[in-house]
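Please read the structure below before turning to the comments.
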């Protein structure tokens, strides 16, 4: 088991390029999984933003070795809960940057 906001290494096979997958499921209600690939050892930032561009939560902020990772994001934890709507998530890894949309339904 892994903690709520930490990514897990899915495979140690080295990808040839960095990439960010679409969250699954999308739309989601309680939780969703974001998959990403890192092609070289680098500092990785994976962050959730609201539609206005305000940072909601940092999911990953650490150095990663090459591999494919997954991180689970929950829309509610204790007293903290997101409203229904469209959110963005952004992966920054070295010179790679990509942003995708996800939809939360309540």
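Divide, for the stretch 29-73, the radius of gyration over alpha carbons by 2.2 N^0.38 Å, where N is the residue count.
After normalising by residue count via 2.2 N^0.38 Å, the value is 1.26.
Given Cα pairs under 8 Å that are at least 6 residues apart, what percent is the relative contact order of the chain?
Value for the chain: 33 percent.
What fraction, in whole percent, of alpha-carbon pairs in the chain exceed 24 Å separation? Walk me through the numbers on the way to the answer.
Numbers: 1074 of 5565 pairs.
Tail fraction, whole percent: 19.
Restricting to Cα atoms and excluding each atom paired with itself, what does the Kirkwood estimate give for the stretch 48-102 in Å?
Final number for the Kirkwood radius of the stretch 48-102 is 12.8 Å.
Since every read-out is calculated from the coordinates, none of them should be taken as a lab result. Because the structure is predicted, anything quoted here is derived from the model rather than measured.
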